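The values are calculated or read from the model by the stated rules, or taken from the named source; none is laboratory data. What you are looking at is a predicted structure, and each value in this text was computed from that prediction instead of being measured. Neighbour counts are summed over all protein chains in view; Cβ atoms, including those assigned to glycine, are modelled from backbone coordinates with ideal geometry.
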Amino acid sequence: MILIKTEKAIQPILKNWKKKQKSTGFVPTMGALHDGHISLINACLNENDFCISSLFINPTQFNNQSDFEKYPITLEKDIAMLEAAGCNLLLLPSVTEIYPNAYIAPHYNLGYLETILEGKYRPGHFQGVCQVVDRLLDITKPGSLYLGQKDYQQCMVLKKLIEEKNYPTVLKISPTIRDNNGLALSSRNMRLTEPEKKLALQLSKTLFFIKENIKPGNLLLIQQQMAQRLNEEGFKVDYVVIASAATLETVTHWNGEEKLVALVAAYLNEVRLIDNMLIP
C-alpha cells in the first residue's frame, strides 16, 4: 500500500493509472476503522482496479469542539487494517493540505437536507462534510465513491454535492454492518463502556420493532412511542423519525407502498449515536 501525504505527490500516480485506463474507487474515512469501513474497501476492490482511501479527521464538520477532541485516534491499527484489506493507496493529509491558507470555504446549496434531522441538531455539520469531500474528490478524482448506509442523510447530501459540482463520480452506498447483537458498527462505539454497548442495542431494537410492526396509516404514534421508550431506557433522544427513503421528508401517513427509512439519533451519556433502517 502506498502512503501519500500531499496532493502534489498523488498526482503522478493517478496520472499513470489513468494512462493505463485503470478504474479507481475512493473510500474516505476519519480513522478509528472497523469492519464497516473494511466492507467499503472490499466493495471498492471488487469493482475497481485500484482502491484509494483517506484518513483525515475533518475539523470543519464538528459543531461540538468536545466531540472533535474526543474522536478516537488509532492510526497504526487503521493503516494495518487497510493494508491487510488490500487498499492500494492511502492519503494521509494534514489540515493545511486540505485547507491551505488561500482556501475560502464555499457555501453549498443543500436545501432542506441541512435543516432536518442531523442538519437540525448539528448546524453547519453538512457544510463541513461537503468541504472536505469536495477537496478529497478534487484530489483523488475517483470513478466511484463508497459510503455506508449508516450515515444515510450524509449519503444524500454527498449525492447532491456530486451533482452540484458535476463530478464524474458514481456514488455507491453499502449496507450498514452490525455486530452479532445488531449494534451498528461505529467509530464512536469505542467511547462506550461494555454496559453502555449493551444498552446501545436499544437503538437497533427500536428500528427493528418499527420495521416489523409498521402498518399503513398514521405513523406518528409509533414514532412517539419509540422515542418515549428510549428516553425511559436512559437515552436523551434527538429524534425517532420515519421518512421517505427518496427525499428524507417525514411521512406521517403511509400508503403501505412508498419506500421508507426509519432514523434514530440519541445520546447515551456523552456519546451521540445514530442508526437507520430501510422499510420494507
What's the number of the only condition in (1) in contact with a Pro (Cβ under 8 Å, 6 or more places away or on another chain); (2) modelled with pLDDT of 95 or more; (3) of a type in the set (S, T, N, Q); (4) not in a helix (DSSP H, G or I) that ASN109 fails to meet? (1)
Within region 1-69, helices (runs of 4 or more DSSP H) holding 1 or more residues that are touching a Phe, Trp or Tyr at 6+ places or on another chain (Cβ under 7 Å), farther than 20 Å from ARG135 by Cβ and in contact (Cβ under 8 Å) with a residue 60 or more places away in the chain: 35-47
Across region 188-223, what is the number of residues that are part of a helix (DSSP H, G or I) and under 30 Å from GLY31 (Cβ atoms)? 19
For a quick check of your reading of the model, give me the residue pairs whose first member lies in region 74-101 and is assigned by TED's automatic domain parsing to the domain that holds PRO59, whose second is at pLDDT 95 or above and among the acidic types (Asp, Glu), with beta-carbon atoms closer than 8 Å and at least 6 apart or on different chains. PRO93/GLU7; GLU97/GLU7
Any chance region 161-177 includes a residue that's surrounded by fewer than 20 Cβ atoms within 10 Å (Cβ to Cβ) and acidic (Asp, Glu)? yes
Every listed condition ((1) in a helix (DSSP H, G or I); (2) farther than 19 Å from ASN189 by Cβ) holds for LEU90 save (1)
